[in-house]
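The values are calculated or read from the model by the stated rules, or taken from the named source; none is laboratory data. Model, not experiment: these values are computed from the prediction. Note that each Cβ is placed from the backbone with ideal geometry, even for glycine, and that neighbours are counted across all protein chains shown. Each accessible area value is taken on the protein alone, full model and side chains, heavy atoms only, with ligands, DNA and RNA left out. Shrake-Rupley method; radii C 1.70, N 1.55, O 1.52, S 1.80 Å.
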Amino acid sequence: MAKYFGVLPESLEKQYKNHLSGFHEWPEKEHAADWLLFPQNLGSRLSIDETSLSSGELYTIVTNKSAKGGKGTLVALVKGTKSSVVSTVLMRIPMSERVKVLEVTLDMADTMDWIVRESFPNAKKVTDRFHVQQLVSEALQDMRITERWKAIDEENDLIQKCRDEKIHYRPLIYSNGDTKKQLLARGRHLLYKPSGRWSESQKERASILFKEFSDLEHGYSLSMMFRSAYEHSKTRNEAKIKLEDWYRTVEEKGFTAFITASESIRVHEGTILNYFPERSTNASAESFNAKLKGFRALVRGVTDLKFFLFRVTKIYG
């Protein structure tokens, strides 16, 4: 646009900001960096999440699912994740409106739980499925990473021994061309997916991986068992029964990472089971966060936070 009108881009940006945009007359300008609130965008189904706008500074964002990521999506944006601060801002909305919120999807953070408890007393809290599944997947990846560090230590010791004996070190190479540490590093992605979605090379790698590290095969089975509870449960009671079976299997296997994950899931079980049968997720919040990051990239970073938020509110407020 600057090129079309024959002016410097910096000059056009300043003219837009200072004279054309209405930024300096924006009523929320003084407190925009700390909080923004749009009571008119409140709906019966909300999402709450956190995001980083600039320099790693976290903001809590509340969005309205019915707006589908367009105009009217943003309900509140508050600096930080402290429940008392966020709740204080949300309580500026009259109670008569807040009690109309019937559902809020959120992650497993206790602060988010308290924000919803204090601000939306009639809302059913639904813990996001993908955050819960990620916790279980991370337990499996923790087992893989532990084995990989062992393989690296083992290789380092063998290399040093060969040096001491002045012989050339030759690592063990499996039939697919991987060494032990490469097998564990390259096996990362296949552990996230059901076996039916493995490529031919992943099937070969998985066969070798599970033969060499049987605990990883058992851990993978636990991860897929948990995934199945989500995919094949149609009611809250069905999911509850499958979760109890999973808890028992985790205890039998005795893997530390999975025991920790199962204890965390048991603590949040009530809101996790609220996922059934409506199957509400926090995908809308994650999508909105991606849009904010995309807009941030489009404007080449956030040099003026208030002006950036002003432009965000024009699009989503």
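Rounded, prolate or oblate: which one fits the chain, using the alpha carbon gyration tensor with axes a ≥ b ≥ c (rounded when a/c is under 1.5, else prolate when a/b beats b/c, else oblate)? It is oblate, given that a/c is not under 1.5 and a/b is not larger than b/c. Which residues does the label zone of GLU231 cover in region 113-153, counting backbone N under 19 Å from a point 7 Å along Cα→Cβ? Taking a point 7 Å out along Cα→Cβ of GLU231, the residues of region 113-153 whose backbone N falls under 19 Å are 129-141. Taking the Cα atoms only, what angle lies between the long axis of helix 236-253 and the longest principal axis of the chain, rounded to 10 degrees? That helix lies at roughly 40 degrees to the long axis. Ranking of ASP304, ASP215 by solvent-accessible surface, largest first: ASP215, ASP304 (1.4 Å probe, protein heavy atoms only, all chains present).
Axis of helix 305-316 versus longest Cα principal axis of the chain: the two differ by about 90°, to the nearest ten degrees.
Look at the dipole of the chain built from charges on Cβ: of PHE23, LEU158, PHE258, the Cα furthest out on the positive end belongs to PHE23. Summary value for region 86-138: 39 percent relative contact order, contacts being C-alpha pairs under 8 angstrom separated by 6+ residues.
Mean-square fluctuations from a GNM of the chain, with a 10 angstrom spring cutoff on Cα atoms, peak among ASN237, ASN289, ASN64 at ASN237. Each of ASP110, ASP128 has its accessible area taken with a 1.4 Å probe; listed largest first, they run ASP110, ASP128. Accessible surface of LEU273, taken over heavy atoms with a 1.4 Å probe and every protein chain present, rounds to 10 Å². Give me the angle, in degrees from 0 to 90, between the Cα long axis of helix 110-119 and the longest principal axis of the Cα atoms of the chain, rounded to the nearest 10. So the helix axis and the longest Cα principal axis differ by about 30 degrees. Dividing the summed -39500 (n - 2.57) terms of all DSSP H runs of n ≥ 4 by the residue count of the chain sets its mean residue ellipticity at 222 nm at -16500 deg cm²/dmol. To the nearest 10, the accessible area of ARG188 is 90 Å² with a 1.4 Å probe.
Largest mean-square fluctuation among SER175, SER44, SER262, in a Gaussian network model of the chain whose springs join Cα atoms under 10 Å apart, belongs to SER175. For the chain, a Gaussian network of Cα nodes joined below 10 Å ranks ILE159, ILE208, ILE61 by mean-square fluctuation, and the top entry is ILE159. Normalised per residue, the accessible area of the chain is 54 Å², obtained with a 1.4 Å probe and no contribution from ligands, DNA or RNA. When only Cα pairs below 8 angstrom with a gap of at least 6 residues are kept, the chain shows a relative contact order of 22 percent.
Placing THR303, THR88, THR105, THR146 in order of accessible area, with the largest value first and a 1.4 Å probe, yields THR303, THR88, THR146, THR105.
In the complete set of protein chains, residue-level accessible area for GLU50 is approximately 70 Å², probe 1.4 angstrom. Apolar share of the accessible surface for region 164-317: 50 percent from carbon plus sulfur atoms, 1.4 Å probe.
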